[in-house]
Amino acid sequence: MAKILNLKKSWGDFKMEIPELEILDEGLTVLWGPSGSGKSTFLNVLIGLEFVPGFQWIFHGEDLAKLSVQERRLGVVFQSYDLFPHMTGLQNIEFAFQARGLSQKEVAPKLHFFAEKLGLEKFWARPVSVISGGEKQRIALARALVGEPRILLLDEPFSALDTELRNSAREVLRSLVAELKIPALMVSHDPADLEIARSKVFMEGGKIIDR
Amino acid sequence: MVRSASRRLSSFLIFSLFVFGLAFPYGVLLVKIGNLKIGNFAELFWALKNTAIQSVGAALLSLMVGFALSFGIPPLASRWRPWMTAGLFFPFFVPSLYIIALWMAHVSWMGVGNFIVMIAQGLIASGYVAVRLREVFESKLASYAIVAETLGSDRKLFFRKALGVVRPEMISLFFFVFVVTATSFAVPLVLGGSEGSNLEILIYEKIRISFAWEEALSISLVQLAVILLFSFLQKKYSGTPAGQQKHHSFFFVPWSQIPLLAYLGFFVAGFFWGLPGGIESVQRLPGVFPLFFESLGRSLLLGTGFALLVVLLLSAAVLQLKVKFFHQFLQGFVAPSTALIGFAFLFFPTSSDSLVFTKYLVAFFCLVFGSLYRWGIQNMIHDLNRQTLVAETLGAGSRTIFLRIVFPQVIDKIVLVSCVGGFWFVGDFALAKLIVGKEVLASLVVENLISSYRTEAGLILGLVMLVMAGGWFYLLKVLLSLSFQRILSRER
C-alpha cells in the first residue's frame, strides 16, 4: 500500500486536509468528487508541482514527497494530454523512455505490447497536431507507461472524449492496469468512471468524505 | 544536490549577466554624473504630457488601423503571405529617418505638433500590429470561429463577441507601441517641432544645448518610471495558451487587400518613387560609391555579429524558462534613451576601431534587446513552461528538456528575431552617430547625405542598403535555421 500522510495546506479560501489516505498496490483507485473539490490540486501535490510542508507519500518504504518531480518516477496522463506539439506520436513515446535512460532495445517488447493493445501503429507516425482526441489519449497513455513508472496518475483522462470513445477507453485502461499490475490513481468527476475502479475515494471541499 | 546547486549557480550567473549588461548604461550614468536634479518641473510635465498624448494616440491608432489591415493579409497557405508580412514589418524596422526623409521629399508637414507625431507613429506601427493581430486571431480564435459559423454568426457579430478573448494580447500590443512611441526621437524631432517635444527630445536638448547632465539623467529616470508603471498595469500576456495557427474565412476579407496594398505602397513603393532622380544625383557624387560599398560590407559584418549575439543571448534567456522573475525583468525592462545610452558609452574612450565597434554592438544590444525579447520569446513562455513540466514528470533532465522540447520549438523564432535585429542594426544611424561618428558604416554615409540636403541620393543609397541587408539577413536566417535543425536532429 502507498500511504499519503499529513496533506494539509490552504490556498486562499480553499483548504485541503487529508491526514491519511491509502492507494492500492495494484489496480485502479478512483478519486472522484464535484468540480472544485480539490482533486486536481491533490494530483499536483502528488506530482510535485505544489509544495506542502510536512506532507509524506510513503511508497514501498520510500518517501516520494522528498524527491524531485523527475525522481518520483510517475506516469502522468494530463487532462489535455499535453503531447509535445513539434513531435509525432511515436517521438512523444520515444522521448518518455529515453528520458528515463531506457534504450530502444530494452523497451522494444513493451513498445510492441502498447502498439498492439492500443492500436497505435495506425497513427503514431503522424504529427500530434493532426491526430484525433481518442488517438491523442492513447499516445498519452503509452507515453506515461513506457518509462516504467512506480504509479500511474490520470487527471480526468476521458473528459475530452465522446461517450462511445469513453466506454472503450475505460475498458482499455482497466485491462492495461490489470495486465501491467501497477498501481493507478485516477481523478474524475464522472461517476461512470467508478465502474472500472478497484477502490473508490470521494472527495469534497478538500477533504476525503468516503472510501 | 551538487547538480541542483550548480544549476542554481548557472541561473544566477545568467540572470546577473543580463541585469548587469542591460542596467550597465544606467549604472555608468549614475556613477559618472553623480546627482539627480530636475530644474524645471513645468517643462518636465509639459514633455510628459506630450509623451502621453503621442504614445496613447499612436497606440490606439495602430490598433485600429492594424485591425483593419489584418483582414487583408492573405491566408497562411498563400505564397504571398511571407512577402506581405515582410512588407508590413518594413516601416516598423526601418529607421524612422528614412521614412521621414521619404515623406519630406514629397510633402512639407514639419512642426505640426502632437497630432502629426501621433499619426506618423501610429501608421508606422500599424503594419506590425496587423501581422501580430492576425497571428493572434489564427492561433486563439480559429476554433471559436468554426463554432460561431455553425451557430449562424457572421464575421461582424463574431468579432464583436470574440475580441474579449484576445484582450490581453491587444493590451500587450498597445503597450508595445506605447513604449516605442514614448522613447522615439526622430519623428517628434522632425515632425513635432517645438509643439511636440517629448521626454526623449527634452533629454537630448538638456545634453546638447544646456549640458545639464543631471537633469537629462533625471528625466530619463522619470521616463523609465512611467514605462515601468505602465508595464505593471498591463494584463499578463498569455490569458489562455495559444493553439496552432489555423486559417478561417472570418479572418480574410479579399477587398481588404486594397487598403493593405495602399499602406504598403505608401511606405515601400515610395522608396522607388524617387529612383530616377536618386540615381542621377548619386552619379554626380563619384566618391560616394566606393565609400558606401566599403561601409556597407562593414555594416553587414557587424550586423551579422549582432544577430549571432542575439541568438546566443535569447537562447540563454530561454534556458532560464522557469525563473519567473527573470522573465518579468526582461518583460518590463526599458533601455534609457538613445542619447543617454550613447553618452554612457562615450565615457569609455577607445582608440582602436575594433573597440569602438564592440562598444557600439554592446550599446545597441542594451537599446533593443528588450523589444526583441518581447517580440520573440515572451508569448511562448507560458506554453513552454507547461511542456517543461510535462517532460519533468516523464523523468527528463534539464539538458534533455532544453535540447529536445524547448529549443526545437523556439529556435526558428529566435533566428528570425535575431536576423531582424541584425537588419535593424544595419539601418541604425542615431546610436551609430553618437558612438562611431565617422562615415565607416553605411547608415552613416546615408544619414550624412540626407542631413546635407542630398536627400534623393541618400534615399537611393538607403534603399540599396536596406535591400542588400534584407537579402543578406534572409540568407543568414535560412542558413542558421538549417544548421540548428541539423544539430538538433543529432540529439534525437
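Structural remarks
- Number of residues in the range B:154-198 that are of a type in the set (Phe, Trp, Tyr) and more than 21 Å from the chain's Cα centre (by Cα): the value is 2.
- Candidates B:177, B:147, filtered to the one that is farther than 25 Å from residue B:372 by Cα and not aromatic (Phe, Trp, Tyr): B:147
- Residues in the range A:68-81 that are open to solvent by less than 40 Å² (accessible area, probe 1.4 Å) and in a loop (DSSP other than H, G, I, E, B): A:69, A:72, A:78, A:81.
For (1) at pLDDT 90 or above; (2) of a type in the set (Ser, Thr, Tyr); (3) farther than 30 Å from residue A:205 by Cβ, each residue gets a yes or a no:
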site	(1), (2), (3)
A:57	yes, no, no
A:61	no, no, yes
A:69	no, no, no
A:77	yes, no, no
A:138	yes, no, yes
A:144	yes, no, no
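- Residue A:140 being touching a residue at least 40 places away in the same chain (Cβ under 8 Å), closer than 16 Å to residue B:391 by Cβ and out of contact with any Pro (no Cβ under 8 Å at 6 or more places or on another chain): no
- The one condition in (1) under 22 Å from the mean Cα position of the chain (by Cα); (2) part of a helix (DSSP H, G or I); (3) modelled with pLDDT of 80 or more that residue B:44 fails to fulfil: (1)
- Single match in B:438, B:433 (criterion: of a type outside the set (A, V, I, L, M), assigned to a helix (DSSP H, G or I) and open to solvent by 10 Å² or more (accessible area, probe 1.4 Å)): B:433
- Residue selected from the range B:47-56 under the condition farther than 25 Å from residue B:214 by Cα and surrounded by fewer than 19 Cβ atoms within 10 Å (Cβ to Cβ), by the criterion farthest from the chain's Cα centre (by Cα): B:53
- Selection status of residue A:19, in contact (Cβ under 8 Å) with a residue 60 or more places away in the chain and open to solvent by 10 Å² or more (accessible area, probe 1.4 Å): no
- Scope the range A:52-72; condition out of contact with any helix residue (DSSP H, G or I) (no Cβ under 6 Å at 6 or more places or on another chain) and within 14 Å of another protein chain (Cβ to nearest Cβ); matching residues: A:64, A:66, A:67, A:68, A:71
- Helices (runs of 4 or more DSSP H) fully within the range B:326-413 that include at least 3 residues being more than 14 Å from every other protein chain (Cβ to nearest Cβ), buried (at least 22 other Cβ atoms within 10 Å of the Cβ) and among the aromatic types (Phe, Trp, Tyr): B:353-376.
- Answer residue from the range A:82-102, given it is farther than 15 Å from residue B:396 by Cβ and more than 9 Å from every other protein chain (Cβ to nearest Cβ) and is surrounded by the most Cβ atoms within 10 Å (Cβ to Cβ) among those: A:89
- For the range B:1-39, residues that are surrounded by 12 or more Cβ atoms within 10 Å (Cβ to Cβ) and at pLDDT 75 or above total 13.
- Filter result for residue B:417 (away from chain A (no Cβ under 14 Å), in a helix (DSSP H, G or I) and open to solvent by less than 10 Å² (accessible area, probe 1.4 Å)): yes
- Qualifying residue in the range B:136-144 (condition: surrounded by 19 or more Cβ atoms within 10 Å (Cβ to Cβ) and over 22 Å from residue A:85 (Cα atoms)): no
- Listed by position, the helices (runs of 4 or more DSSP H) contained in the range B:215-297 that have at least 2 residues being among the hydrophobic types (A, V, I, L, M, F, W, C), crowded, with 19+ Cβ neighbours inside 10 Å and at pLDDT 75 or above are B:257-264.
Yes or no, residue by residue, for (1) among the hydroxyl-bearing types (Ser, Thr, Tyr); (2) more than 23 Å from residue A:108 (Cα to Cα); (3) modelled with pLDDT of 90 or more; (4) open to solvent by 40 Å² or more (accessible area, probe 1.4 Å):
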{"site": "A:153", "(1), (2), (3), (4)": "no, yes, yes, no"}
{"site": "A:162", "(1), (2), (3), (4)": "no, yes, no, yes"}
{"site": "A:168", "(1), (2), (3), (4)": "yes, yes, no, yes"}
{"site": "A:186", "(1), (2), (3), (4)": "no, yes, yes, no"}
{"site": "A:191", "(1), (2), (3), (4)": "no, yes, no, yes"}
{"site": "A:196", "(1), (2), (3), (4)": "no, yes, no, no"}
{"site": "A:201", "(1), (2), (3), (4)": "no, yes, yes, no"}
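- Residue A:135 crowded, with 16+ Cβ neighbours inside 10 Å, touching a Leu at 6+ places or on another chain (Cβ under 9 Å), acidic (Asp, Glu) and outside any helix (DSSP H, G or I): no
- Boolean, residue B:447 is open to solvent by 10 Å² or more (accessible area, probe 1.4 Å) and either among the hydroxyl-bearing types (Ser, Thr, Tyr) or not in a helix (DSSP H, G or I) (or both): no
- Those residues of the range A:138-176 which are within 14 Å of chain B (Cβ to nearest Cβ) and part of a helix (DSSP H, G or I), in sequence order: A:139, A:140, A:141, A:142, A:143, A:144, A:145, A:146
- Test for residue B:126: is it among the hydroxyl-bearing types (Ser, Thr, Tyr) and under 24 Å from residue B:224 (Cβ atoms): no
The values are calculated or read from the model by the stated rules, or taken from the named source; none is laboratory data. Everything numeric here is computed off the predicted structure, so don't read it as measured data. Note that we place each Cβ from the backbone using ideal geometry, even for glycine, and neighbour counts take in every protein chain shown. These area figures cover heavy atoms from the full protein model, side chains too; ligands, DNA and RNA do not enter into them. Shrake-Rupley method; radii C 1.70, N 1.55, O 1.52, S 1.80 Å.
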